[in-house]
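Below: one structure, written as structure tokens.
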Amino acid sequence: MNPLLQIYTLYKNDFGLEKNRFLGLFEKLLLETPCSILEWAPQISPENIHAARFRVGYSRDYMSLGISHIFRYLDQLSEDENVRLNRVILDQIIDKDLDLSRVGKLGIGVDFPESTKDNKAKVYLSIKDYPEKWAQVLATHPSFEGIDAYPMNDMFGINIYFDGRTDTEIYPSLNAADWVNMTLMEKLRLQGIPRDLLSTCNGMFVSFESDGRRVFHFSLHSPIKFIQMIGNRRLTLLYGNAQIINHIVGRSGGIGPMRVVVSFSEDEIFSREVRQIDLALCYQLSQTA
């Protein structure tokens, strides 16, 4: 069995996700296209765990084919009479003149919450040394005071909601060298992030809500230590379950080390009573797979 499909199936079965038409189309995308990355990204709240959130990604060798499959998937979603996808931003940015040699990452995520009005797909890209394309992305993103001060790695996503809404998210990144640059940290108003949390991370991304509030995404090299410091029971249980699944799939080979990202809003960063959490578990086919 395709190890990415095996991982997807284990998570889907663990959380009793029913195979509706939208999820079925995503499974077909995972099964029939040359994707090399699968991410499961549950959202944790005090009330429940929203588990129907997945992403697939394509390697550089399959960028053109990946774009073709992503657009076909969106076409298939649009065949539903209750789905109205606004692809204006997507079509502006991923146009016929897009230079794929300057695209580093490509993928699509799906998010199917209980409130169907918030169903969406998100197309992800990263670009490098492509200032004209980055200017195009920023022109579709809300402008906030101080946003230009962030180190940019040119990573962004295009949200396409099923009710016709669409918007763009950018993900400025910081690494360990940035964290000890106190001038930069103070300029970005990040100096208050607990240093013990940062000590468990390879890096972090920042994204912005529509009203300018920030969300911090911590990429972890010591996830157990980080999760213990957060002290959220649901997060602890989810990660423990992920370790079991990682062990099951890892025995058959073909999968690289699991990457872990934990995200929560700026409103909660200074409290150890974190309640609203995103957990992203990313699996990639190994080169020998």
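Descriptive notes on the structure:
- Helical content of the chain, expressed as a calculated mean residue ellipticity at 222 nm, amounts to -9500 deg cm²/dmol (DSSP H runs of 4 or more residues, -39,500 (n - 2.57) each, divided by residue number, nearest 500).
- Efficiency of FRET between Asp129 and Glu273 - r from beta-carbon atoms, R0 30 angstrom, step 0.05: 0.10
- The Cα center of the stretch 67-89 and the Cα center of the stretch 241-282 differ in position by 29 Å.
- Viscosity 0.692 mPa s, 37 °C: Kirkwood-radius Stokes-Einstein D of the stretch 148-208 over Cα pairs, µm²/s: 251 µm²/s
- Taking Cα centre as origin and charging only the Cβ of basic (Lys, Arg, +1) and acidic (Asp, Glu, -1) residues, the dipole magnitude of the chain rounds to 800 debye.
- Cβ-based charge dipole, the chain, positive-most Cα from Val88, Leu10, Phe218: Leu10
- Placing one equal scatterer on every Cα of the stretch 121-242 and applying the Debye formula, the log10 ratio I(q)/I(0) at q = 0.19 Å⁻¹ is -1.16.
- Geometric descriptor of the stretch 1-87, per residue, is 122 Å³ (volume of the convex hull of the Cα atoms).
- Most tightly packed first, judged by the mean number of other beta-carbon atoms within 10 Å of their residues, the peptides 66-78, 174-186 read 66-78, 174-186.
- Long pairs among Lys19/Lys122; Lys28/Lys117; Lys28/Lys133; Lys120/Lys187; Lys120/Lys225; Lys19/Lys225, criterion Cα-Cα beyond 29 Å: Lys28/Lys133; Lys120/Lys187; Lys120/Lys225; Lys19/Lys225
- Rough spin-label spacing in nm, given labels placed 7 Å along Cα→Cβ, for Asp99 and Lys19: 4.4 nm
- Look at the Cα gyration tensor of the chain: its axes a ≥ b ≥ c give a/c under 1.5, and that counts as rounded.
- The length gained by stretching the chain between Glu114 and Glu186 to full extension, at 0.36 nm per residue less their Cα-Cα distance, is 22.0 nm.
Here, each number is a calculation from the coordinates, and none is a lab measurement. Computed from a prediction, not measured in an experiment: that's the story for all the values here. In this analysis, Cβ positions are derived from the backbone assuming ideal geometry, glycine residues included, and neighbour counts consider all displayed protein chains.
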